[in-house]
4 protein chains.
Amino acid sequence: MTSSIVSVVGAGHVGSAVANALVLRRACDRVVLFDRSAERAEGEAWDIADAVPLLAEMDITPSADYADLAGSEAVVITVGATPAPGQSRLDLLGSNAGIIASVMGELDRVCPEAVVILVSNPVDVLTRIAIEASTRPAHLILGSGTVLDGARLRQRLGELLRVEKDDVHIYVIGEHGDSSFPVWSSATVGAVRLEDCPLPGSTSLLQLKDELTTAIRRRGREIHERKGYTSYGVASAAARIVRAVVRDERRIFMVSVRPAEEYGVGDVALSLPSVIGRAGVERQLLLRLSDEEQQLLDHSARVLDEAYRSLSGSGTKA
Amino acid sequence: MTSSIVSVVGAGHVGSAVANALVLRRACDRVVLFDRSAERAEGEAWDIADAVPLLAEMDITPSADYADLAGSEAVVITVGATPAPGQSRLDLLGSNAGIIASVMGELDRVCPEAVVILVSNPVDVLTRIAIEASTRPAHLILGSGTVLDGARLRQRLGELLRVEKDDVHIYVIGEHGDSSFPVWSSATVGAVRLEDCPLPGSTSLLQLKDELTTAIRRRGREIHERKGYTSYGVASAAARIVRAVVRDERRIFMVSVRPAEEYGVGDVALSLPSVIGRAGVERQLLLRLSDEEQQLLDHSARVLDEAYRSLSGSGTKA
Amino acid sequence: MTSSIVSVVGAGHVGSAVANALVLRRACDRVVLFDRSAERAEGEAWDIADAVPLLAEMDITPSADYADLAGSEAVVITVGATPAPGQSRLDLLGSNAGIIASVMGELDRVCPEAVVILVSNPVDVLTRIAIEASTRPAHLILGSGTVLDGARLRQRLGELLRVEKDDVHIYVIGEHGDSSFPVWSSATVGAVRLEDCPLPGSTSLLQLKDELTTAIRRRGREIHERKGYTSYGVASAAARIVRAVVRDERRIFMVSVRPAEEYGVGDVALSLPSVIGRAGVERQLLLRLSDEEQQLLDHSARVLDEAYRSLSGSGTKA
Amino acid sequence: MTSSIVSVVGAGHVGSAVANALVLRRACDRVVLFDRSAERAEGEAWDIADAVPLLAEMDITPSADYADLAGSEAVVITVGATPAPGQSRLDLLGSNAGIIASVMGELDRVCPEAVVILVSNPVDVLTRIAIEASTRPAHLILGSGTVLDGARLRQRLGELLRVEKDDVHIYVIGEHGDSSFPVWSSATVGAVRLEDCPLPGSTSLLQLKDELTTAIRRRGREIHERKGYTSYGVASAAARIVRAVVRDERRIFMVSVRPAEEYGVGDVALSLPSVIGRAGVERQLLLRLSDEEQQLLDHSARVLDEAYRSLSGSGTKA
């Protein structure tokens, strides 16, 4: 009997959007939507369940008991406060670090072999905390990282160059936040290097890079300013990663991981190209970075490490 | 050039969930999400747009200008207040009737040939008001009605009888609300009449009918009590109807329509089996009702007519 | 690790079309295409495999060793001669009965828990032989039967009545051949009985039934006369049944089964409404037949029993 | 009313497989399967049509009258002999050149704006002949070229490197035949250049390139030797290209086109990276080739030009 179960922890805006995306895209056979509040889990799960007879063919059940998560192939963690407008992702850290450590403890108990995907922010520091708090191997834990940032960039570049986004190959790495950056040096359109592609109008490549880097970083904030939070986009990112795990796709995603030693950036978690499959992070691909890009990566790692260290004494670690 | 555009009016919980469902299920080629507030339309449309590079292949654009709705094949109206917990759908009528009449005026101007699908509540009275306010033919206007109620019932019955929901054929008709009812007399499982089907355990058919009728009516309220509104389910219902229009499916749905004369229930709008395609309500199927069922339908029509008449003097009509 | 394997026995026209349909519709995770001739299995599997990088996401592997079928959730049997133009399905019986019995022996050895779906003709007699030859329980063995006949009828009726085929509920039962018949007495369109539906033009219902019954029976022969065999249609029927098994859908299909005692037609196998899921024939639904329909069923059973008995002394049974 | 029509010319093994793939993958709304023999078109179209009620939702109709192709957005040409085992693709040229020129004449008459996709072999020379014979602009004519060769290579490389094929970016260009070659110099895995990827075991990159180049070229022949022709694979390639046209995807494919001047290879048609959308070949991407690769391309062009010139005096041209 082959039946793939995916659980979502937290039934707030993001968690319910993740569960809904899993159902509408049939990313697995069964979804368990967990929330400490049974009422909240029921409200959202039942609302989503109404879609099933009309558009989809799968099960979704609410739960307020971690035991129901047993057997999950993947668990998406969405709990924790989301940033208020103007608040940076790192500001949230204090409140969310303890929650994540405690959720990991529960998951280690009920589904020690599941791949855990963190969506809560600040996602990179929380991924690091989850890795340190959990008894499961680090390759089973990853953050949604810059998956969304890269997707936005490919979409924009594709529109500018009038080419399908799937033929635009460029990665956004580093912190999911202000220090993220596209790896322009390895960008290609099809198998043609970006610098060999004719650009539209009179834009120079330098201008283009600048504008896009800024636009991508700003997009999340623009949505925040308008709707107070983001949900649908990050839900799609999570659903896409889940599918790669459930189908053992071995597709490359920029997810938040503990970097391979070769990058020389220490013990933080940040987004780097990783092969995602049934075992979570199957392995990392080693990107060749220009000197400037390596400096940007070092900077991103420092920002994240400082945020992490600012937690000391808060009792979360230990 | 074949490119199907569907517009959603209102970017609140329901409207944004409808737009998201249209995108995740690729129900059309392009979605326009309209709201009087450009900010709100942008916040939701941009959030949803982030899904496109990851899961889907289509466009979604925000708008605060009705002119952008030109060329739509279908328009889903989601504007208007949603009921507070405990508040009945009819209580909303006063506030929403005027809004709908004015939206219909705008749509008549910019997309007079589009199929208009109302989701706002109380959906049946608002559908009647939309039909009366609009210059377009009545067959181009319909309410989402009891599509969701029937879907829930088929799902539940299928689980009880251990048969796929798509093989359970039963309709819920009348008001989308407390006076709706399943047409038990014509229910079949596959081509087997429901009364010939073995029931599980020691349940009698009468008991079963009773329990399910109550459960279905109560479900919307249970979700409301828990999350304060419903969104994902009704969004799926709207997306399902949209697909039938865009693909000219001629599939039968229980949508809110002006009843065929043969039903003898006058000028109200309520849910009855209708063939849905490119022309909206292509035609109605005439259900053979038992005497009891005809009485229930008459009752439902009376309830709706009274609600409608309670508006008199409010200036909405005329 | 959840990976659903489906095997196809025989890589001729029908077998390769079945494998191709399984791949293009992603009905499972992996397809094994078996043929006694490794060359033939390779030629077809490799040709189909070329589709994978372009349209699908799954594995297909050739095999000439029954051991490779271990772990299959379903096996589709397509081996045996196909009827030459003018030759009846029953004429094939002599040559195909022995082959099927021997294939069942191999399958009992390597995948005793798989659901076996027979497509080879004459499908009803071969299904009976497979049930008798095999050590697995009868519910794990079924023939594709009149699935295609019923699909054709729903499609035609839907076109005539201008309603989506999925809203036309009518079954074709009995022998997959000249004695099959639609169960008109229980036909509905949506929840409306067929006799209550307005017909197009001046056709009477009697005329309509007559014309359609003949057209459906004749369709297979018309294709045969033109292309010498059928492949794509029956492949879709097989792929549809496979999906119901792999996803444990519990959907109702008219497949060839050993009839429930209540039908009173003895030990033959013929098509009757059956709930198909992971356990193969989960159960049968009991159709209420008119007197005339019961006579047609009795006739169909007699035709099939005589064909079966004509095998005596051929050594196939024992 | 948006309804996309795609026609297939020729209802042999390849043409019927193309029509079947278009239906099973719903690449468009309606398929017209044309053959000079009405009988053959009917046999195949009716067989495929049986899939529709079970797996798909679209129309397929047979035709022996070119007038039925009016309104097509794309036309796939599959007519002409297929090579016997051992026969080279170029050997077929004599017999197929005249057929193609005459088909183009018919298409210019009934659907002058359709994108024409050639599948018949030798595909490159026939594409050149089609471009010269037709009155439509060259960007509306293309050959399936090395789409399949590249797909095979990505699949193999992906398996070897244990990465999803969609993350392997490498092109096979030139003649669809013995002189085709992968553009190794621009190969990347994700955004990592192939030479920076760790290889499995002790294989050297040089060995790997050699083995794969040979394996890819040989694959078509291996299938031919086993089944006498290829059909499913090339049908998927055609269906994939059709989808890019119908959905205006602007995806990059290696299809047979008249090369951009910058390649300096004259008037032949051969496979080069091209952006495919509603307008057929929207434009070509200019690949940066190593010296060795440019020599291989020159060689490929010479082979094709000689084959074309060998036709002189045959009356096909002029």
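The numbers here are math on the coordinates, done by the rules we state, and not lab data. Fair warning: this is a prediction, and the values are worked out from it, not measured in the lab. Reconstructed Cβ throughout: ideal geometry from the backbone, glycine too, with neighbour counts over all protein chains shown.
Side notes on the structure shown:
- Charged side chains reduced to their Cβ positions (Lys and Arg at +1, Asp and Glu at -1) give the protein assembly as shown a dipole of some 0 debye around its Cα centre.
- Taking the Cα centre of the stretch C:147-309 as origin and assigning +1 to Lys and Arg Cβ atoms and -1 to Asp and Glu Cβ atoms, the resulting dipole is close to 760 debye.
- Restricting the stretch B:18-76 to trypsin sites (Lys or Arg not before Pro) in coil, as DSSP defines it, with at most 15 other Cβ within 10 Å: B:Arg26, B:Arg36
- Principal-axis tilt of helix A:123-133 within chain A, Cα atoms, nearest 10 degrees: 50
- Computed from Cα atoms, the angle from the helix A:291-309 axis to the main principal axis of chain A rounds to 30 degrees.
- For D:Val115, the residues whose modelled amide H falls within less than 5 Å of its own, excluding neighbours fewer than 5 places apart on the same chain, are D:Ala74, D:Val75.
- Between C:Met254, C:Met58, C:Met104, the Gaussian network model of chain C with springs among Cα atoms under 10 angstrom shows the greatest mean-square fluctuation at C:Met58.
- What the phi angles of the stretch C:149-155 give under the Karplus curve with 6.51, -1.76 and 1.60, with θ = phi - 60°, is a coupling list of 4, x, 4, 4, 5, 4, 4 Hz, glycine and proline written as x.
- When DSSP beta bridges are restricted to pairs lying wholly in chain B, around 50% turn out antiparallel.
- Residue-wise HN-Hα coupling along the stretch C:189-199, computed from phi with Karplus coefficients 6.51, -1.76, 1.60 (Hz; x: Gly, Pro): 10, x, 9, 9, 5, 3, 5, 8, 8, x, 8
- Under 5 Å between amide hydrogens, built in the peptide plane, is the criterion, and for A:Arg250 it picks out A:Ile276, A:Gly277, A:Arg278 among residues at least 5 positions away or on other chains.
- Relative to the longest principal axis of the Cα atoms of chain B, helix B:38-49 runs at roughly 70 degrees.
- Here the stretch D:1-154 carries DSSP beta bridges of which approximately 0% are antiparallel, counting only pairs with both residues inside.
- Cα gyration tensor, the stretch B:204-265 - rounded (a/c under 1.5), prolate or oblate: oblate
- Taking only the alpha carbons of the protein assembly as shown, we obtain Rg and Dmax values of 30.9, 90 Å in that order.
- Cα shape, the stretch C:147-309, gyration tensor, a/c 1.5 rule: rounded
- Using the Cβ of C:Ala260 as centre and a radius below 14 Å, the other residues enclosed give a net charge of -2, where K and R count +1 and D and E count -1.
- Partner shielding of B:152-160 amounts to 2, given as the average count of beta-carbon atoms from other chains within 10 Å of each residue beta-carbon.
- Candidates C:Val123, C:Val52, C:Val147, ranked by Gaussian network fluctuation over chain C, Cα under 10 Å, top entry: C:Val52
- Test item: Cα-centred dipole of the stretch D:13-163, Lys/Arg +1 and Asp/Glu -1 on Cβ, debye: 740
- Helical runs (DSSP H, four residues minimum) scored at -39500 (n - 2.57) apiece and divided by the length of the protein assembly as shown put the mean residue ellipticity at 222 nm at -13000 deg cm²/dmol.
- Counting Lys and Arg as +1 and Asp and Glu as -1 over every other residue whose Cβ lies under 10 Å from the Cβ of A:Arg156, the net charge comes to +2.
- Estimated from the Cβ-Cβ distance and a Förster radius of 25 angstrom, the FRET efficiency linking A:Glu262 and D:Leu205 is about 0.80.
- Close amide-amide hydrogen proximity is noted between D:Ala187 and D:Leu194, each under 5 Å apart and 5 or more residues distant or on a separate chain (H modeled in the peptide plane; Pro and chain starts excluded).
- GNM top mover of D:Ile99, D:Ile60, D:Ile241 - chain D, alpha-carbon springs below 10 Å: D:Ile99
- Cut-off 14 Å between beta-carbons: net charge of the residues surrounding A:Ala38, Lys and Arg +1, Asp and Glu -1: -4
- Entries in A:Lys165/D:Lys209; C:Lys165/C:Lys227; C:Lys227/D:Lys227; A:Lys209/D:Lys209; D:Lys165/D:Lys227; A:Lys165/A:Lys227 that, when Cα-Cα distance is taken, lie over 30 Å: A:Lys209/D:Lys209
- For chain A, the spread of Cα coordinates along the three principal axes comes to 57, 51, 39 Å, biggest extent given first.
- C-alpha center-to-center spacing [the stretch D:1-79, the stretch B:25-74] in angstrom: 34
- Nm distances between copies for B:Asp267, ranked from closest, using label points 7 Å along Cα→Cβ: 7.2, 7.5, 7.8
- Using the Karplus relation 6.51 cos²θ - 1.76 cosθ + 1.60 with θ = phi - 60°, the per-residue 3J(HN,Hα) values for the stretch C:280-287 come to x, 7, 4, 5, 9, 8, 8, 6 Hz, with x marking Gly and Pro.
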